[in-house]
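The values are calculated or read from the model by the stated rules, or taken from the named source; none is laboratory data. This one's a predicted model, so the numbers in the text were calculated from it and none came from an experiment. Reconstructed Cβ throughout: ideal geometry from the backbone, glycine too, with neighbour counts over all protein chains shown.
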Amino acid sequence: MADDAIRCDACPVLCYIKPGRTGSCDRYGNHEGKLVRLDPHVVLHRALERGEAVKPFLERGREWDGTLGSHGETFVTAIGAGTTYPDYKPAPFIISSQVEGVDMVTVVTEGIFSYCGVKVKIDTDRHLGAECSTVRAQGEAVGHVTTSEYGSQMLSLGGVRHLTGGSRHEGTATCETLLNLCNGKAVELKIDDGAKVVVQAGQPPIVDGVQEERMRVGCGSATIGMFAKQWFGKVDEVVVVDDHITGVLSEHQAGKLLGVPETGIKLKGRRSTPGRYFQVAEPGTAWGGTEIDDPLTILGKFNAKKAWPGLRLLMVSTTGEHHGYFELDEDLKPKEKELPVDLRESVARIKENCEPALCTVLFMAGAGGSLRAGVTENPVKLTHSVSDAFTRVTCGGAPVYVWPGGGITFMADVTRMPQDAFGYVPTPALVAPIEFTLKLADYAALGGYVEHVRPLSSLIAKDEGRQRVAARAENPWPLESGMKPATTVKSKKR
Amino acid sequence: MRQRAQIRMLADGRRMHLHDGPIDLIVEAFGSQRAVEMAYHAASTRFVTVLDELCGELWYLRRRCSPENEWPQGAVARRMVAAAMPYAPQYFITPMAAVAGAVAEEILATMVAAVELSSAYVNDGGDIAVYLSPGEKFVVGMMERPDRRSLLGTTTLHAAEPVRGIATSGWRGRSSSLGIADAVTVLADRAAAADAAATIIANAVDLPGHPAIVRVPACELAPDSDLGDRLVTQAVGELVSEEVHHALEAGSRTADLLLRMGLIRSAALSLQGETRVVGDVGQSKMIATPLGERGYAHA
């Protein structure tokens, strides 16, 4: 018998459960050597302050305090609600609650998604890998590098082809990667012919062992363009040091337009267009994403015919994290001086405009016809109702963007969901919460399982293993009437 | 000892949910209010000891079925052995192959013996035992794949027909399968028989040695599996349609044999979107009726 298996004593079957697996009931599992009851059912409570410890939904032997039920302050998420697996029946929870006198219905189910994945935005200008390069986790292909966005590299991970279309190892590695990313855990990814990057939702990326701090506001040239007016008259020359394009104020179009005189400055590196230089230094983790610690190393000698003693020079990185102020001495050598007060503001503003570098993870999935059938007897009516914005879709209580067009394809920011909102099935596929909220009358009209609707108060009377967690303040309250759903695009009337 | 089993009415006030360890039953009886109450009382009284009875003989029930073995003591265990035994000489099968159907059957039998009902069913995770008094019928929803809630259609059981048991097996389900069928749904006279037959047919839907099929020794997944070190299916890659036909053909041959032996009434075999139906028993035939206005079944 395997040593790492544990004996479950929750019932007389006494299953031996291996790590990461569940017993024959699928309710108890071996989580890192401990026997755990899986999937507590999560109920959001609006009044609880964020950060407050998660409380048991109703402690045994204690009377219900009457705070839940009729006031729309409690929202039942699909997390841990269970699916209709293995038999076909209406969604496990169809909850009614009253919000401002209107009967609202929330249909709650955990969807099993084979068609799902994550889009990862990594705030870094660093080259992580060429577009279409394979992204690997545990050596298995789990996705690819997709079109980069401004200041960020983008990865597209998961999807049905990696989950179920390849080898079992590819499927499980993909499933584990998605699960960890969605549950806010760090994942190490290796891009073919590219970087190794540690990604965790809401955290700075760690690229080849170095943690990113800030997104630059733009390249060096763009920074010149943005701040030229603020520098004009306060300083004679500005060099914005950047790994990609280093900008020089006096040569740059923006400086020319303002009438900034030539300064005789000489940059190392390869000139692209006036005032824009490639490759002033090797990439690194110091000034502007280069390896240099002393900015003067990228300058040649000033041209004696153009430069003058006392010339004021500001050197700054594209993130504003590094800066130096110099004046030329009699030999036209730059001497470091204290940054004048009237330049401090512009340096601070560069920094202010550089947002902290983060990894963001959007879960993306499509609710298939069968999942929708758990909500209504006529699934397409739910699609129409969602696209016509009568029905609000949430994912563990978090708002979603519903992609226009057919089906219900949605995206949600995983950091806005309660902890460990995602699970998996060994298929492999991800289990994600999904809730549909709409007026009771609308629910009846679209063929909902009205006979299965139960009042919120019925949930509190039974079922241990329900967790009450604070709603996130930044999320719109899923039951709020008058609140526009996240989707704004209305479909054409059919 | 604390009461382990959970017994409660579902929110609709009509169906009863019985849960104990890995057993999860949805029970519904139809008849006079008094009759239904008595039936539910009988079912729950019987239910609370079922898991302990089974676990007392678990070592036996996990062993390969053989006519030489002694019979077990428990009523549910005996139903399991009775259902699995017809396959014992030719196939590898343990009584566990019929556990869900046997539990459903036992609870249903308890209700029917206690009181007169017009109809009743016990659904044990998709394996269903049905009782129908004359003139009654029962509509069942059928899935193509147990992990996706796609309803293939419905089938109707009529009192005049002999089918009283429905079961589904496949590699995506909760228990392991030696085959690659997404789902094999069987209609048989009793639930335990349907359960055992679904297991055997699902095992037969296979492409031995095919590289796109990932198989793992069952004991690697669950050390105490009744399947021991037999290879169970963990993943099935995309198959070309010829392969799908080939695998379904193999399963259909087995289903056909069971049909001719009188062990089943009908079977529907699904693999990667293809479905084969074997057998036809008048009105209870396994032809998927497309979902109508009220297509979903209580099951």
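State whether one or more residues within segment A:389-402 are over 29 Å from A:GLY20 (Cβ atoms) and in contact with a Gly (Cβ under 9 Å, 6 or more places away or on another chain).
No: zero hits.
For A:LEU178, are the conditions met, namely being of a type in the set (A, V, I, L, M), without any contact (Cβ under 8 Å) to a residue 60 or more places away in the chain, more than 14 Å from every other protein chain (Cβ to nearest Cβ) and not in a loop (DSSP other than H, G, I, E, B)? So that I can check it myself, show each step before the final result.
Details: of a type in the set (A, V, I, L, M): yes; without any contact (Cβ under 8 Å) to a residue 60 or more places away in the chain: no; more than 14 Å from every other protein chain (Cβ to nearest Cβ): yes; not in a loop (DSSP other than H, G, I, E, B): yes.
No: the conditions fail for A:LEU178.
Looking at (1) over 17 Å from A:SER346 (Cα atoms); (2) not assigned by TED's automatic domain parsing to the domain that holds A:ARG136, which is the one condition that is false for A:VAL238?
(1)
Please verify whether segment B:24-39 includes one or more residues that are part of a helix (DSSP H, G or I) and under 19 Å from B:ARG190 (Cα atoms).
Pass one, segment B:24-39, residues part of a helix (DSSP H, G or I): B:33-39.
Those still in the list that are under 19 Å from B:ARG190 (Cα atoms) too: none.
Looking through segment B:24-39, none of the residues is part of a helix (DSSP H, G or I) and under 19 Å from B:ARG190 (Cα atoms).
Going through segment A:362-371 one residue at a time, which ones are crowded, with 24+ Cβ neighbours inside 10 Å and facing chain B (nearest Cβ under 9 Å)? Quick ask: steps written out before the conclusion?
We begin by selecting, within segment A:362-371, every residue crowded, with 24+ Cβ neighbours inside 10 Å; these are A:363, A:365, A:367, A:371.
Across segment A:362-371, the qualifying residue is only A:LEU371.
Output the residues belonging to segment A:145-168 that are charged (D, E, K, R) and either over 16 Å from the mean Cα position of the chain (by Cα) or at pLDDT 95 or above (or both). Give the derivation first.
Quick first cut of segment A:145-168, residues charged (D, E, K, R) only: A:149, A:161, A:168.
Listed by number, the residues that qualify are A:ARG161, A:ARG168.
Given the conditions (1) among the hydrophobic types (A, V, I, L, M, F, W, C); (2) out of contact with any Gly (no Cβ under 9 Å at 6 or more places or on another chain); (3) under 18 Å from B:ILE201 (Cα atoms), and given that B:VAL76 satisfies all but one, which numbered condition is not satisfied?
So B:VAL76 meets the others, but not (3).
If the requirement is being farther than 17 Å from B:ALA196 by Cα, modelled with pLDDT under 90 and either touching a helix residue (DSSP H, G or I) at 6+ places or on another chain (Cβ under 9 Å) or surrounded by fewer than 18 Cβ atoms within 10 Å (Cβ to Cβ) (or both), which of these qualifies: B:GLU116, B:GLU53, B:GLU68?
Details: B:GLU116 fails: modelled with pLDDT under 90; B:GLU53 fails: modelled with pLDDT under 90.
Unique residue meeting the criteria: B:GLU68.
Take the conditions farther than 30 Å from A:MET417 by Cβ, at pLDDT 90 or above and not in a loop (DSSP other than H, G, I, E, B) and apply them to A:THR263. Does it pass? Write out each step before concluding.
Values: farther than 30 Å from A:MET417 by Cβ: yes; at pLDDT 90 or above: yes; not in a loop (DSSP other than H, G, I, E, B): no.
No.
Out of all the residues in segment A:123-144, which are under 18 Å from the mean Cα position of the chain (by Cα) and either at pLDDT 95 or above or assigned by TED's automatic domain parsing to the domain that holds A:PRO283 (or both)?
A:VAL135, A:VAL142, A:GLY143, A:HIS144, listed by residue number.
For (1) under 14 Å from A:ASP243 (Cα atoms); (2) small (Gly, Ala, Ser), each residue gets a yes or a no:
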| site | (1), (2) |
| --- | --- |
| A:ALA281 | yes, yes |
| A:GLY284 | yes, yes |
| A:ASP293 | yes, no |
| A:LEU328 | no, no |
| A:PRO334 | no, no |
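For segment B:1-44, what are the residues that are more than 10 Å from chain A (Cβ to nearest Cβ), touching a residue at least 24 places away in the same chain (Cβ under 8 Å) and closer than 26 Å to A:GLY23 by Cα?
Residues satisfying the conditions are B:GLN3, B:ILE7, B:MET16, B:LEU18, B:LEU25, B:VAL27, B:ALA43, B:SER44.
Of the residues that sit in segment B:205-239 and are among the acidic types (Asp, Glu) and in a loop (DSSP other than H, G, I, E, B), which one is nearest to A:ASP4 (Cα to Cα)? Write out each step before concluding.
Here is the first cut: in segment B:205-239, the residues among the acidic types (Asp, Glu) are B:206, B:220, B:224, B:226, B:229, B:238.
Filter once more, keeping what is in a loop (DSSP other than H, G, I, E, B): B:206, B:224, B:226, B:229, B:238.
Details: B:ASP206: 32, B:ASP224: 13, B:ASP226: 19, B:ASP229: 18, B:GLU238: 34 Å.
Here the answer is B:ASP224.
For the condition over 21 Å from A:ILE298 (Cβ atoms), outside the structural domain of A:GLY310 (by TED's automatic domain parsing), surrounded by fewer than 21 Cβ atoms within 10 Å (Cβ to Cβ) and among the basic types (Lys, Arg), what is the one hit in A:LYS196, A:LYS256? Before the answer, list the steps.
Numbers: A:LYS256 fails: outside the structural domain of A:GLY310 (by TED's automatic domain parsing).
Exactly one residue qualifies, and that residue is A:LYS196.
B:THR275 - would you say it is part of a strand (DSSP E or B), crowded, with 17+ Cβ neighbours inside 10 Å and modelled with pLDDT of 90 or more? Steps first, please.
Numbers: part of a strand (DSSP E or B): yes; crowded, with 17+ Cβ neighbours inside 10 Å: yes; modelled with pLDDT of 90 or more: no.
When the stated conditions are applied, B:THR275 does not pass them.
From the list B:ARG63, B:ARG2, B:ARG78, which residue is modelled with pLDDT of 90 or more and either touching a Ser or Thr at 6+ places or on another chain (Cβ under 7 Å) or loosely packed, with under 14 Cβ neighbours inside 10 Å (or both)? Please lay out each step first, then the result.
Values: B:ARG2 fails: modelled with pLDDT of 90 or more; B:ARG78 fails: either touching a Ser or Thr at 6+ places or on another chain (Cβ under 7 Å) or loosely packed, with under 14 Cβ neighbours inside 10 Å (or both).
Checking each option against the conditions leaves just B:ARG63.
Please specify each residue of segment B:178-192 satisfying the condition of being buried (at least 24 other Cβ atoms within 10 Å of the Cβ) and part of a loop (DSSP other than H, G, I, E, B). If you could, list the steps in order and put the result at the bottom.
The initial filter retains those residues of segment B:178-192 that are buried (at least 24 other Cβ atoms within 10 Å of the Cβ), namely B:179-188, B:190-192.
Correct list: B:GLY179, B:ILE180, B:ALA181, B:ASP182, B:ARG190.
Pull up segment B:183-221, narrow it to residues that are within 11 Å of chain A (Cβ to nearest Cβ) and in contact with a Lys or Arg (Cβ under 7 Å, 6 or more places away or on another chain), then point me to the one that is farthest from B:HIS246 (Cα to Cα).
Kept after step one, since they are within 11 Å of chain A (Cβ to nearest Cβ), are these residues of segment B:183-221: B:183, B:211-216, B:219-221.
This time we only want the ones that are in contact with a Lys or Arg (Cβ under 7 Å, 6 or more places away or on another chain), so: B:183, B:214, B:221.
Details: B:ALA183: 16, B:VAL214: 18, B:LEU221: 28 Å.
Ranking the candidates gives B:LEU221 first.
Of the residues that sit in segment A:437-472 and are surrounded by fewer than 17 Cβ atoms within 10 Å (Cβ to Cβ) and at pLDDT below 65, which one is nearest to the chain's Cα centre (by Cα)?
Step by step, filter segment A:437-472, then rank; the result is A:GLY465.
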